[in-house]
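Following: one structure in structure tokens, then a few remarks.
The values are calculated or read from the model by the stated rules, or taken from the named source; none is laboratory data. These figures come from a predicted structure and were not determined experimentally. Cβ atoms come from the backbone with ideal geometry, glycine included; neighbour counts cover every protein chain shown.
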Amino acid sequence: MTGRWWLDLLLAVVGGLALIWIALVIALAVAGPRGPLLREALRVLPDLLRLLRRLAADADLPRGVRILLVLLFAYLALPFDLVPDFIPVLGYADDAIVVALVLRSVVRRAGIEAVRGHWPGTADGFAVLCRLTGLPLPRK
């Protein structure tokens, strides 16, 4: 029995990681944008990527925001996804959902005006960004 402790530990770690992965997939499915909002997010994706790059390079933003953006870029650069592409809908949408969740955090911590200052796209695209992050459009 003492020789099998490592096998029990390995099974516990693998089981724990599997439970965490399942919880993450469920969270992505619940928290992510759906239907038309997901299509709009994909439409403004080039502007979103430019925005993220500009925000990550802005030394005036809090360090935690910039670190979160660097971690997002690292996740997007990985050759594998949290949800495999063969899973219908979520398989292809997980990157968009992760970007939307990170953007929610960044916008809330950096402020909507700082994000607006870096937005490279149109006013309509910025309205999509506000809907994705759950924040109201700033007043003019």
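Criterion first (in contact with a His (Cβ under 8 Å, 6 or more places away or on another chain), surrounded by fewer than 17 Cβ atoms within 10 Å (Cβ to Cβ), modelled with pLDDT of 85 or more and part of a helix (DSSP H, G or I)) does Arg54 satisfy it? The answer is yes for Arg54.
Total residues in segment 117-137 satisfying the condition of being assigned to a helix (DSSP H, G or I), over 14 Å from the mean Cα position of the chain (by Cα), buried (at least 16 other Cβ atoms within 10 Å of the Cβ) and without any contact (Cβ under 8 Å) to a residue 60 or more places away in the chain: the figure is 2. When Ala59 is tested against the conditions (1) in contact with a helix residue (DSSP H, G or I) (Cβ under 7 Å, 6 or more places away or on another chain); (2) outside any helix (DSSP H, G or I); (3) modelled with pLDDT of 90 or more, the lone failure is (1).
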